1. Is the range 189-202 home to any residue that is more than 16 Å from ligand 1 (Cβ to nearest atom) and crowded, with 24+ Cβ neighbours inside 10 Å?
2. Among the numbered criteria (1) within 28 Å of Ile183 (Cβ to Cβ); (2) within 15 Å of ligand 2 (Cβ to nearest atom), which single criterion is violated by Asn262?
3. Criterion first (under 21 Å from Ala85 (Cα atoms) and in contact (Cβ under 8 Å) with a residue 40 or more places away in the chain) does Ala155 satisfy it?
4. Within the range 284-311, can you find the residues that are under 17 Å from the mean Cα position of the chain (by Cα) and outside any helix (DSSP H, G or I)?
5. Return the total of residues in the range 252-283 being in a loop (DSSP other than H, G, I, E, B) and near ligand 1 (Cβ under 9 Å from one of its atoms).
6. Is it the case that the range 104-120 has a residue that's under 18 Å from the mean Cα position of the chain (by Cα), more than 15 Å from ligand 1 (Cβ to nearest atom) and in a helix (DSSP H, G or I)?
7. Report, by residue number, each residue of the range 273-312 that is within 16 Å of ligand 2 (Cβ to nearest atom) and surrounded by fewer than 21 Cβ atoms within 10 Å (Cβ to Cβ).
8. Considering only residues that are touching a Ser or Thr at 6+ places or on another chain (Cβ under 6 Å) and near ligand 1 (Cβ under 8 Å from one of its atoms), look in the range 284-306 and name the one that is nearest to Asp146 (Cα to Cα).
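Every number in this text was worked out from the coordinates using simple rules, so none of it is lab data. What you see is a predicted model; the values in this text were computed from it and never measured. All Cβ positions, even for glycine, are placed from backbone atoms using ideal geometry, and neighbour counts span all protein chains on display.
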Amino acid sequence: MSYLRLALIGASLTASPLHAEWISGEEAIMGTAIRVELWQDDAAPDAANPGRDAIAAVMNEMRRIDRLMSPFIPDSELSRINRDAAAQAIAIDRELFDLIQTSLKFSKLTNGAFDITFSSVGYLYDYRAGVMPADTQIAQALPNIDYRHIALDSARGEIRFLRSGVRIDLGGIAKGYAVDRGIEILRARGVREALVSAGGDSRLLGNRHGRPWMIGIRDPRAPGREGKPVAMLPLQDAAISTSGDYERFFERDGVRHHHIINPRTGRAADTVRSVTIIGADATTTDALSTGVFVLGVDAGMALVRSLKNIDAVIVDRAGKLFFSPGLAAPRETSNKHLQPKS
Ligand code: AMP
Ligand code: MG
């Protein structure tokens, strides 16, 4: 992705006096790389540096969301839910309540493939340490995976788990949500052209000076920045998320144990290598990329076809590429987020 390299060079040249230019920032937050690129207009008043301030505000928002939603921070609101919500209904932060409610909507839409209670088994895996649960542990905890074990009381703002042993984790949707929040912050500050990304979840505000943003889809078996992308997509005012079996995994006896769990088995979903979803907002594309990954090519593409303004690129376990109908002929696409390359 050559534009990334250009932007990096641009960042290192950033200096006063201010002039119109692309600026960027990158930080490690939420266990991933957060990247912001934006076009800063000419002539900021006095000594202000609105572009840099905007990037810092997005980074702060990412840290705030992480403190609220991380399952790894013992005193996060999410950790409190996992500790207490099986014993009794508990009142929780409204923003977190709303994202859990949105998660349940995607569980219904994907017929349970996207399910934040995957963590009831998922927490037993440690991909970095190469640890996985024994068959008996999986069998024992598997009945705790079911989004219908989560009861939400909207009027009271309360959550309750209807069964002990249930755990939730927003890892499949929180980064997309954070990216959407980042874009909102930039827009409120008057930024008109920007990219915000958190690992595999990105959203684009506007375009790049009349040309679309060109976003590459990584080769799942050569996923580094150097690897040749399997596809390049011209996008504007769009969100794009990729879920891949290469992000967090270890291999044992020839089996790749990775971080996307099939809620029906408690084991890594194994029919595809990556799923990319294109849509309007990153909360949606994030949840759907994870859900469609679990569904696989046939059921996943059937779901994508049934949704308006959603497209997908899937790389199956043999490395074969599948494009949704809206992408097959980009010049005639019905997806308003996809731009014909000029
Ligand atoms: P993504 O890269 O967006 O697909 O997110 C992967 C993350 O989603 C994992 O690291 C888990 O935190 C979470 N996750 C794994 N399996 C599921 C699932 N079936 N439904 C919802 N979230 C999941
Ligand atoms: Mg996701």
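1. Yes, the range 189-202 contains a residue that is more than 16 Å from ligand 1 (Cβ to nearest atom) and crowded, with 24+ Cβ neighbours inside 10 Å.
2. Checking Asn262 against (1) within 28 Å of Ile183 (Cβ to Cβ); (2) within 15 Å of ligand 2 (Cβ to nearest atom), the one that fails is (1).
3. It is false that Ala155 is under 21 Å from Ala85 (Cα atoms) and in contact (Cβ under 8 Å) with a residue 40 or more places away in the chain.
4. Ile310, Asp311
5. The qualifying residues number 4.
6. There is no residue in the range 104-120 that is under 18 Å from the mean Cα position of the chain (by Cα), more than 15 Å from ligand 1 (Cβ to nearest atom) and in a helix (DSSP H, G or I).
7. Correct list: Ala280, Asp281, Gly296, Leu303, Leu307.
8. Per the stated criteria, the residue is Gly291.
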